Amino acid sequence: MPNLKFRPKHRRKRRGAPILVGVLCAAVFSAAAAGIWQLNSTPVQALKPLELDPSVVAAFSSSPQAVAIQAIPSSEPEPSSQEPLPEEASSEPAQSASGQSESAQTPGALEEQPRVTSAYFDDAVFIGDSITTGIKLYDVMSNTTVLASTGIGLENILSKPAIKYGEETLTAMQALAKTGARKVYIMLGANSILGDHDTMVGLYGNLIDEVRRNAPDSIIYVQSVLPINEEIFHVKYNPNTDNSDIMDFNTKLAALAAEKQVYYLDVGSVFRDETGGMPADYTPDGMHINSAQYIMWFDYLKTHAIAAE
Amino acid sequence: MKKLAVFALCTLMILSLTACGSKSEAKELDLDAFAKQVIDAVEYDDDMVQLNEQIASEYYGLSFDGLEQWVAYGSGTAATTNELMLMRLKDDAAVSAAKEAVQKRIEDQTSNYEGYRPDELFRLENAVVEVRGSYLLFSISPDNDTVTKLFEDALK
């Protein structure tokens, strides 16, 4: 009887034991593998999407040594010499800007000046609407200050807190006062062309007074409203605005600038073709401009800058 | 003895299955690569640029606790309100804060565009905010179906 009792168990043990051990080992192994895998997973790192090349950072440094620099950032087409050569300085191979000649500029516009470097914009501020925001988004002049927002226009620039400045949201003038700017560039009016021009020019005049108050002793530049590509604009926005309306507004703007003793810059001349409109490949929607055009814009500003005292 | 062995075996197997199970729930997403995939796949009617920290902070705040990682793209020309924001968030509180941040962004943009671009309001009204596990997707685009599907597939 003892044999009967023990034999089945003994047999079961012999049959079952290897299987049991095998399964136990498999379970332990998989638990260990899972644990090791989790321990070795890559730690989470904060993403830094903008990694600046050191030579680019150095080129935009405000130190005098860095200004006279030989390294040319990839976003800028200017030659290393400081001679003003508008055709060579253009980044667009398709056409040299026909508007660069003086005759195409609006009367009263500042004429071509000795070329300045990017450091000129260290203490400059750009005030404007959606078009001006592209300066920041395309990072064309990272050393300058942009106070712009899509929602800003002549009718609300003095009242709407639309500018994120540090932790605060301020009006453009509140932000301007904090910057200590020595040069102020304004580009507004694209959204006001359909309004009464005299009313809009009046608002612009108030704005210039406020800029002067919030940035005393600064050089103030009023920039023209850019031309549109009528074909695209009429479909995307409205069929009632033409470049002749824009030129009419700009002529009044130039006169205002003279009256207020500030400078008027015909930036629009860079983007006008022989029809007086913006080429289709310069614009995504007939009104805003593409990234390459921001480089053209700054190239124009560099050759139409008044030396700061 | 046999019962003890069986119990021990079952416990071990359950533990190992649990370990594997929790790993698949915490699926990791390479935000940078995924964002690029979306930008390439969707026919955005605008030039989408990657947003740096200064611009993204202006748009979303980004100062709330528990934001572990983010990547964002937006319209470079301002011709549209197209936007793509992906965040990895530590916990439920961070998810709530993130949802508030993107909601504020929608409100800001609505305020910016309602004066002169009513066609962009439609796009803002159809913005997508979706949370899967630790990840939040915020998308304003002409094809949010594709964006959403890519997000869901990536986190399956």
Handout entry: Residue check for A:LEU158: touching an Asp or Glu at 6+ places or on another chain (Cβ under 9 Å), over 22 Å from A:ALA119 (Cα atoms), among the aliphatic types (A, V, I, L, M) and in contact (Cβ under 8 Å) with a residue 40 or more places away in the chain
Key = yes
Practice task
Quick one: A:VAL235 ticks every box in (1) surrounded by fewer than 18 Cβ atoms within 10 Å (Cβ to Cβ); (2) under 18 Å from A:HIS304 (Cβ atoms) except a single one, so which number is it?
Solution key: (2)
Exercise for the section: Just need a number here: residues in the stretch B:77-116 that are away from every other protein chain (no Cβ under 12 Å), among the small types (Gly, Ala, Ser) and without any contact (Cβ under 8 Å) to a residue 24 or more places away in the chain. Expected result: 1
Practice task
Could you look through the stretch A:131-155, keep only residues that are touching a residue at least 40 places away in the same chain (Cβ under 8 Å) and among the polar types (S, T, N, Q), and pick out the one that is farthest from the other protein chains (Cβ to nearest Cβ)?
Solution key: A:ASN143
Exercise for the section: Would you mind listing the helices (runs of 4 or more DSSP H) fully within the stretch A:199-309 where at least 1 residues are over 21 Å from A:THR133 (Cβ atoms) and touching a helix residue (DSSP H, G or I) at 6+ places or on another chain (Cβ under 8 Å)? Expected result: A:230-236, A:243-260
Practice task
Determine which member of the set B:ASP119, B:ASP143 is without any contact (Cβ under 8 Å) to a residue 24 or more places away in the chain and of a type in the set (D, E, K, R).
Solution key: B:ASP119
Problem - Condition check for A:PRO114: of a type outside the set (D, E, K, R), at pLDDT below 95 and in a loop (DSSP other than H, G, I, E, B) - result: no
Handout entry: Of residues in the stretch A:172-193 being of a type in the set (A, V, I, L, M, F, W, C) and part of a helix (DSSP H, G or I), the one surrounded by the fewest Cβ atoms within 10 Å (Cβ to Cβ)
Key = A:ALA177
Exercise for the section: Report yes if some residue within the stretch B:20-31 is part of a helix (DSSP H, G or I), modelled with pLDDT of 80 or more and either more than 30 Å from B:MET87 (Cα to Cα) or at the interface with chain A (Cβ under 9 Å from one of its Cβ atoms) (or both); otherwise report no. Expected result: yes
Exercise for the section: Please indicate, with yes or no, whether at least one residue in the stretch A:85-100 is at pLDDT 95 or above and in a loop (DSSP other than H, G, I, E, B). Expected result: no
Handout entry: Extreme residue, farthest from A:TYR138 (Cα to Cα), among residues of the stretch B:56-73 that are modelled with pLDDT of 95 or more and at the interface with chain A (Cβ under 7 Å from one of its Cβ atoms)
Key = B:GLU68
Practice task
Could you tell me which residue of the stretch A:119-145 is farthest from B:THR80 (Cα to Cα), considering only residues that are of a type in the set (Gly, Ala, Ser) and surrounded by fewer than 22 Cβ atoms within 10 Å (Cβ to Cβ)?
Solution key: A:ALA119
Problem - Test: residue in the stretch A:277-286 that is crowded, with 24+ Cβ neighbours inside 10 Å and under 19 Å from A:ARG115 (Cβ atoms) - result: no
Handout entry: strands (runs of 3 or more DSSP E) (entirely within the stretch B:46-156) containing at least 1 residues that are surrounded by fewer than 21 Cβ atoms within 10 Å (Cβ to Cβ)
Key = B:48-50, B:67-75, B:128-132
Problem - Pairs, first more than 8 Å from chain B (Cβ to nearest Cβ) and under 14 Å from A:THR106 (Cα atoms) in the stretch A:264-292, second among the small types (Gly, Ala, Ser) and assigned to a helix (DSSP H, G or I), C-beta under 6 Å, six or more apart - result: A:TYR264/A:ALA254; A:TYR264/A:ALA257; A:SER269/A:GLY99; A:SER269/A:ALA104; A:VAL270/A:GLY99; A:ARG272/A:GLY99
Fill in the blank from the handout: Checked the stretch A:164-217 for anything at positive phi and away from every other protein chain (no Cβ under 14 Å); matches are A:GLY180, A:ASP217
Completion exercise
Considering the stretch A:146-171, residues that are under 16 Å from B:GLN109 (Cα atoms) and of a type in the set (Gly, Ala, Ser), and then whichever is surrounded by the fewest Cβ atoms within 10 Å (Cβ to Cβ), we arrive at A:GLY151
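The values are calculated or read from the model by the stated rules, or taken from the named source; none is laboratory data. Note that the structure is a prediction, hence the values are computed from the model and not measured. Cβ atoms come from the backbone with ideal geometry, glycine included; neighbour counts cover every protein chain shown.
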